[in-house]
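Here the structure comes first, spelled out in structure tokens, and everything after it is commentary.
The values are calculated or read from the model by the stated rules, or taken from the named source; none is laboratory data. What you see is a predicted model, and the numbers here were worked out from it, not measured in a lab. Counting neighbours? That spans all protein chains shown, and the Cβs are built from the backbone with ideal geometry, glycine included. Quick note on the areas: whole protein, heavy atoms, side chains included, nothing else; ligands and nucleic acids left out. Shrake-Rupley method; radii C 1.70, N 1.55, O 1.52, S 1.80 Å.
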Amino acid sequence: MSVIVEIMPKSPSSRNRVARSNAKLVAVLAYEGVSAFELGMAIEVFGLPNMGDDWYRVIVCAEHPGTPLSAGGIVKVVADAGLASLADATTIIVPGWHDIDASPPDELLDALVRAHKRGVRIASICTGVFVLAAAGLLDGRRAAVHWAQAEALADRYSKIQVDPNVLYVDEGDILSSAGRAAGLDLCVHIVRKDFGPEIANEVARRMVIPAHREGGQAQFIPRPVWTKDDTLAELRAWVGAHLDGDLSIGQLASKAQMSRRTFIRRFEAAAGTAPGKWVLHERTARARILLETTSMTIEQVATASGFSSADALRHHFRTQYGTSPNRYRLAFAPERGTSKMLSCETPSSDEKSRA
């Protein structure tokens, strides 16, 4: 059973902040199969109540306003404006496109191109970047996309400099984010550009999200799959149990009962990488697990993972995942022995003064 939600703009409230002369109208696109999460996050961030008279005004635009559109297969949304309303926007948000193999309608692409020519800022979330690419708005530019679609985007649109590592890319008038929740990072970044860090931090606190996340998509990408190789399968299992020991090339070759040269050749054919790089990857992966599941100190994690020191762990961890071990633990490790009650309501002035 689907739930139909008619999306209407939120009315502004009166809060003491200097009003600006130019209204900030954010137009969020909706279409059949749009991601409910990505549509909702844009509406939530830019439509936050009690942010002052100069805060954004949000409208949802679709090719056929008033027609229920499926969002995630469960919820149906009804947009309140057509594509013609993009002409009045200062920012357009393009949520994830429902199918990267499906071509967006020409009416939508033409509307985006016209808006861009008028100087409207356009931002995509996740696979919404395929809509911007189809419109030709990313030719010669850098763009972010979900790591799982990076290769497809680069193959289809060779003029785009696809960056699969970052959470978002800001090219000034064109912005793009990586997958799903990275859209929140991009939305808060836009707030930071428009209103400054203090207001962006306030939005992040109310959304109960980080105002800025360190690291890129590398920390979310699963480990690569090996080709089938029964000879090295036993070695890999042994390495997994001895990551804190001597895993030099000589030691590994001896364990595999091969000459050094044969071992390197066989290993690279099976793993697609050099033995030393693979061992380093396994050690940082072990460190990730320990950071997520234990209360070990960074020094203890380094020792258990086979690093010579905590500094060595920090260096290789940041190189591999784009963030530090401490920040990774804060982001991914569950809190122990604590319980927090969080409210979605706007904090009172007394609560803000104590914050």
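Please give me the summed charge of the neighbours of Val203: other residues whose Cβ is under 13 Å from its Cβ, Lys and Arg +1, Asp and Glu -1. Value of the local net charge: -1. Taken along the Cα-to-beta-carbon direction at a fixed 7 Å, the label points for Ser70 and Ala233 span 4.0 nm. Ordered by solvent-accessible area of protein heavy atoms (1.4 Å probe), largest first, the residues Met258, Met51 come out as Met258, Met51. Using the Cβ-Cβ distance between Ala87 and Thr319 with R0 set to 41 Å, the FRET efficiency from 1/(1 + (r/R0)^6) comes to roughly 0.30.
If the chain linking Ala152 and Ala331 were pulled fully straight, counting 0.36 nm for each residue of separation and taking away their Cα-Cα distance, it would gain 61.5 nm.
Full extension of the chain between Asn165 and Asp101 gives 20.8 nm of extra length, using 0.36 nm per residue less the Cα-Cα distance.
Computed from the C-beta positions of Lys193 and Ala285 and an R0 of 35 Å, the FRET efficiency is 0.45 to the nearest 0.05.
Classify the stretch 54-206 as rounded, prolate or oblate from the Cα gyration tensor: take a ≥ b ≥ c as the square roots of its eigenvalues, call it rounded if a/c is under 1.5, otherwise prolate when a/b beats b/c and oblate if not. Rounded, since a/c falls under 1.5.
The listed residues Arg192, Arg121, Arg57, Arg266, once ranked by accessible area (1.4 Å probe) with the largest placed first, stand as Arg57, Arg266, Arg192, Arg121.
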